[in-house]
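Colleague: Take a look at this one; I'll ask things after.
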Amino acid sequence: VKAKSARLKARLEQIGQQSGVFGEVRGLGLLLGCVLGEAWKGKAKTVLDAAAAEGLLVLQASPDVVRFAPSLVVEDSDIDEGLARFERAVAKLTLPRVLKAKQRVGSGWQASSQACQPACRCTAAYS
């Protein structure tokens, strides 16, 4: 359980850092919560709906916390699949903010300094 928890928490922290949707990931074992950032306060239901659209069930611990509670015997491949779905859900939530942050420059699009992190893949189709 410790190794699976570390795997889940590390990837959630990475998704949070790249997207800005949440910062702190807290909890014990496989019961983890992602605390939504200031811009997303009170919008846990929005995150839940986006995850559900990707076929992932997550829980709302409070209006500001999205909870993950996988089985204690979950396979690493299932953790990876769930995190990939969650990452897609978060990317879809943040994509409108990326597009709004972009500005028309000459004959192409150029991201402003407010766009996603360099590692984010959501801007690739719009660059």
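Readers should treat all values here as calculations from the given coordinates under stated rules, not as data from a laboratory. Since the structure is predicted, the reported quantities are computational estimates derived from the model, not experimental observations. With ideal geometry, Cβ positions are generated from the backbone for all residues, glycine too; neighbour counts draw on all protein chains shown.
Colleague: Calculate the FRET efficiency for Ala10 and Thr46 from the Cβ-Cβ distance with a Förster distance of 41 Å, rounded to the nearest 0.05. All intermediate terms of the calculation are to be shown ahead of the outcome.
Modeller: Working: r = 24 Å, r/R0 = 0.60.
After rounding to 0.05, the efficiency reads 0.95.
Colleague: Post the alpha-carbon centroid distance, segment 1-15 to segment 29-60, in whole angstrom.
Modeller: 16 Å
Colleague: Net charge near Pro63: determine it from the other residues with C-beta under 11 Å of the C-beta of Pro63, scoring Lys and Arg +1 and Asp and Glu -1.
Modeller: Values: positive: Lys41, Lys43, Lys45; negative: Asp64.
Local net charge: +2.
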